[in-house]
1. Would you mind stating whether B:G370 is away from chain A (no Cβ under 12 Å), touching an Asp or Glu at 6+ places or on another chain (Cβ under 9 Å) and touching a residue at least 60 places away in the same chain (Cβ under 8 Å)?
2. Residue check: is A:S253 under 28 Å from A:G358 (Cβ atoms) and either touching a Pro at 6+ places or on another chain (Cβ under 8 Å) or of a type in the set (G, A, S) (or both)?
3. Taking helices (runs of 4 or more DSSP H) that fall entirely within region A:5-71, which contain at least 3 residues that are crowded, with 23+ Cβ neighbours inside 10 Å, at pLDDT 95 or above and at the interface with chain B (Cβ under 8 Å from one of its Cβ atoms)?
4. So, B:A190, is that one of a type outside the set (D, E, K, R) and closer than 24 Å to B:G77 by Cβ or not?
5. What is the one condition in (1) more than 19 Å from B:P219 (Cα to Cα); (2) modelled with pLDDT of 95 or more that B:G136 does not satisfy?
6. I need every pair where a residue in region A:370-387 that is closer than 12 Å to A:A408 by Cα has its Cβ under 9 Å from the Cβ of a residue that is assigned to a helix (DSSP H, G or I) and of a type in the set (K, R), sequence separation at least 6 or different chains.
7. Is it true that B:M354 is in a helix (DSSP H, G or I), aliphatic (A, V, I, L, M) and in the same structural domain as B:R246 (by TED's automatic domain parsing)?
8. Within region B:148-184, restricting attention to residues that are hydroxyl-bearing (S, T, Y) and within 15 Å of B:F130 (Cα to Cα), which residue is surrounded by the fewest Cβ atoms within 10 Å (Cβ to Cβ)?
Amino acid sequence: MKASLKSLDYSVLQQCMHCGMCLPACPTYDATKKERHSPRGRISLMRAVADDELKLTPAFADEMSYCLGCLACQTACPAGVDYSNLLETARAEVAASGLNRTVSSRFWRAVTIRGLFMNPRLLRVAGRLLRLYQRLGLQTAFRRIGLTRLLPADLRRLEPQCPTVSPKFSHELIRPVELPAKKQHRVALLTGCVQDLTFSDVNRDTADVLLANGCEVVTPPVQPCCGSLHAHNGEPGPARTLARRMIDLFPPSQFDTIITNAGGCGNHLRHYGQLLADDPAYAARAKEWDAKVKDVHEWLLEKGCVAPRAGLGDLTVTYHDSCHLTHGQKVTRQPRDLLRLIPGLRLVELPEANWCCGSAGIYNITQPEQSEQLLVRKVGHVISTGATVLATANPGCHLQIERGLRQAGSPVTLLQPVTLLARAYRKERSAESMTA
Amino acid sequence: MGAADPTFVDALRATVGAPHVLTSPEDTLPYGFDGTAALKGPVGAVVLPGSTEEVAAVMRLAHGRGVPVVTRGSGTGLSGGSVPSPGSLVLCLVRMDQVLAVDAPNLTVRVQAGAITAAVDAAANEHGLFYPPDPGSMKISTIGGNVAENSGGLRGLKYGVTRDYVMGLEVVLPDGRVARFGNACVKDVAGYSMKDLFIGSEGTLGIITEVLLRLLPRPAARRTMLATYATMEEAAQTVSDIIAARIIPCTLEFLDRTTVGCVEDYAKIGLPRDCEALLLMETDGHPAAVAEEAGRMAEIARARGAREVRTAADEAEAARLATARRSAFSALARVRPTTILEDVTVPRDRLAEMVGYIAEVAKKRRLRVGTFGHMGDGNLHPTFLTDERDADEMARVHEALEDIVTKTLAVGGTITGEHGVGLAKKAWLRRQVGEGSHDLMRELKRAWDPRGLLNPGKIFD
């Protein structure tokens with residue numbers, strides 16, 4: 001990844017032949033019908049910056065921030081434009097220029113991106129404190145007496161969106177090395193940041209599914225953030241540091257596969273090669289790393305996932321595609337096929353299943369209005385299916401849609417596909433031990 | 001006066017509301033081009049009106065102040081028709097995107113000009129009806145743009161082009177008057193057929209704001225087949241034989257080897273990369289007729305040397321194949337930075353000869369070309385894969401285009417089958433239509449739009 005649009009190989013910008021095939025796939029163009037808010041419009045602005053026809057302006061910065069980064073345009077683009085690379089480069093240039101950032105957002109950026117998400121232990125401490133605040137009933141009390149009004153505006157808006165922190169984190173649920181009954185593969189399990197703090201049970205479920213499929217599962221208790229948050233938000237320096245730490249912690253040659261279960265992380269994790277291309281010490285290993293990283297659903301199907309013999313009763317499930325799993329990693333069929341392996345489970349297709357839910361990393365923080373519109377649209381579709389469970393495979397989407405469903409008073413349960421699969425395996429085992 | 005003049009901009013804002021007038025460079029730069037390679041122009045201002053009345057009011061303002069106006073829909077045109085001329089006002093109709101009413105008993109649909117082509121067919125489909133024209137960009141192209149360019153598509157052979165479906169138009173004239181032409185009657189010979197003048201007028205005579213379209217009953221069955229060949233001649237001969245056998249399929253599309261490779265890189269649907277020509281054939285209509293025709297078409301294809309004839313298993317696979325074909329032009333952009341698309345069309349019996357000639361020219365001029373198109377109606381899309389920054393190569397591209405145009409006209413063809421003249425082909429229009437016809441077109445334009453305000457510099461100077 002380059003630091004400025006000008007230093008980017010011009011052919012990347014030129015790859016866009018502005019045919020307009022991306023327009024119907026773009027949620028922000030759909031919302032506004034303005035070219036500037038479309039992928040080809042944004043690329044034309046980036047090209048104008050690279051050609052010195054346009055200066056880096058606050059309006060340019062706003063536009064780069066208004067993009068969801070959902071990458072639906074990459075799926076739609078017949079010409080194969082690397083939009084993700086273009087957007088990250090443009091955002092890095094904006095971030096480096098210091099444009100369009102208030103003092104308070106710079107402060108929160110420093111706390112989160114440069115602070116918490118650079119240090120997994122610190123992040124867990126923050127998670128514990130948050131959990132304490134939630135467990136002691138302080139959240140409810142503060143909200144009732146209006147104390148949350150004392151928070152800075154940014155935090156006040158976010159406070160109701162704050163996810164409930166898990167009682168235990170991944171390292172308290174998963175041992176560093178777990179062995180299956182019959183070992184066929186040796187895999188590393190990446191536990192993520194948000195997934196670790198709020199859905200550590202999904203990480204446990206992932207480990208269980210991998211064990212059931214003959215994997216020795218290696219899960220180091222302390223893992224760095226993968227750096228996707230940084231790369232997506234114009235901080236390539238910290239993103240590179242984190243990528244190096246990941247490669248050091250999980251030497252790719254020691255594993256058959258490196259498994260990720262979060263769509264948003266996965267797409268970034270598969271591009272370390274590009275990120276570290278100019279680093280002679282890591283470039284080769286980063287390439288090897290990219291080849292080893294697999295999304296859990298993709299990998300299971302590739303190896304021929306063991307079908308559970310027990311089901312979870314009569315269950316109607318629908319599936320929401322996380323943007324970076326479907327548009328970034330092109331994993332669309334596999335999670336659905338995994339769900340269909342569960343006896344008795346009926347899968348119904350969600351209308352606009354691959355349309356962004358508005359979570360989009362920190363988009364729900366930076367662009368709350370647009371995010372909310374997308375959420376309402378998504379929730380409407382989920383309810384229209386009549387399913388009782390919505391499955392999705394990314395913690396960001398999970399939190400966002402769950403909040404939307406609760407706001408709408410819907411009882412639909414949110415689960416990740418590996419959780420459903422893990423539960424079916426557990427059901428099978430308990431049924432077998434009963435008969436034994 | 002230019003569109004960026006502050007008093008003019010204020011007047012526009014007062015007319016359509018400030019959010020619908022764009023003037024900053026970040027807002028207007030993305031309206032400087034359409035889907036045509038290597039063409040762009042400076043935008044004065046952009047206005048997005050929400051109704052015919054607003055379009056008329058904007059046109060009255062522009063007429064009063066002498067501001068040129070370039071009309072635009074989704075900007076997917078392929079001849080530079082909506083590339084702004086210097087200082088012009090870009091009038092973008094995408095907000096006027098409503099399908100107003102499907103009139104099932106009369107087999108018509110009334111739509112606003114900014115309605116998306118695919119949305120029109122989807123609305124017809126709800127009534128068991130069908131809007132056949134399907135240009136490659138149908139998922140985002142607007143009906144107004146389709147009418148202004150008289151767009152074709154993959155079904156031209158059997159179903160014709162946009163012109164064959166336009167029954168009525170509402171048009172804002174250069175001075176801001178609103179005129180309506182045509183109606184829902186199948187027969188209507190009252191006065192000149194004015195609507196026909198506007199179809200294919202490329203935004204130079206008026207601004208189309210509403211369209212009344214003819215619909216057909218939706219075909220009950222459809223079958224899609226894929227045939228692969230070791231030579232282009234065999235594919236072309238298959239097409240000739242199918243037509244000679246008195247079969248009119250709805251689609252007979254071909255892709256050459258380069259195009260197949262690019263499309264497969266994008267769509268990943270298992271197209272054979274090692275064939276010289278691929279024929280996409282589709283027949284639709286009564287199930288019994290479809291079954292019989294499909295059988296005979298497959299027979300003819302095999303008799304003409306097809307290595308393989310594959311039938312799409314279901315609707316979904318058929319749709320995947322058609323979508324892949326529609327992506328051909330954009331997919332070719334994978335190879336080189338600049339993709340120059342041509343649209344020459346020849347009488348059907350000269351098609352094989354023309355395809356061979358294009359390959360010869362590419363070789364002679366040392367250029368890479370991918371060719372695809374509508375074999376059933378003689379409409380070819382030779383696409384030069386080049387780099388606009390390489391002046392020497394671009395000069396050779398222009399020489400090659402000159403060769404192809406000369407040959408096309410020599411065999412009785414046309415410089416453009418479905419993309420329009422716009423900026424990209426205006427150098428050759430006089431050669432094709434002759435002096436008398438060319439002068440008459442210009443006189444008509446002058447009589448209609450004496451101040452030359454609507455899309456100046458397009459079709460002719």
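1. yes
2. no
3. So the answer is A:39-50.
4. no
5. The failed condition is (2).
6. Close Cβ pairs (under 9 Å, with a partner that is assigned to a helix (DSSP H, G or I) and of a type in the set (K, R)) amount to A:L375/A:R403.
7. No, not satisfied.
8. Let us first name the residues in region B:148-184 that are hydroxyl-bearing (S, T, Y), namely B:151, B:159, B:162, B:165.
Remaining after also requiring within 15 Å of B:F130 (Cα to Cα): B:159, B:162, B:165.
Numbers: B:Y159: 21, B:T162: 27, B:Y165: 24.
Filtering region B:148-184 for residues that are hydroxyl-bearing (S, T, Y) and within 15 Å of B:F130 (Cα to Cα), the one surrounded by the fewest Cβ atoms within 10 Å (Cβ to Cβ) comes out as B:Y159.
The values are calculated or read from the model by the stated rules, or taken from the named source; none is laboratory data. In this text the structure is predicted, and so the values were computed from the model without any measurement. Virtual Cβ from ideal backbone geometry, glycine too; neighbours counted across all protein chains shown.
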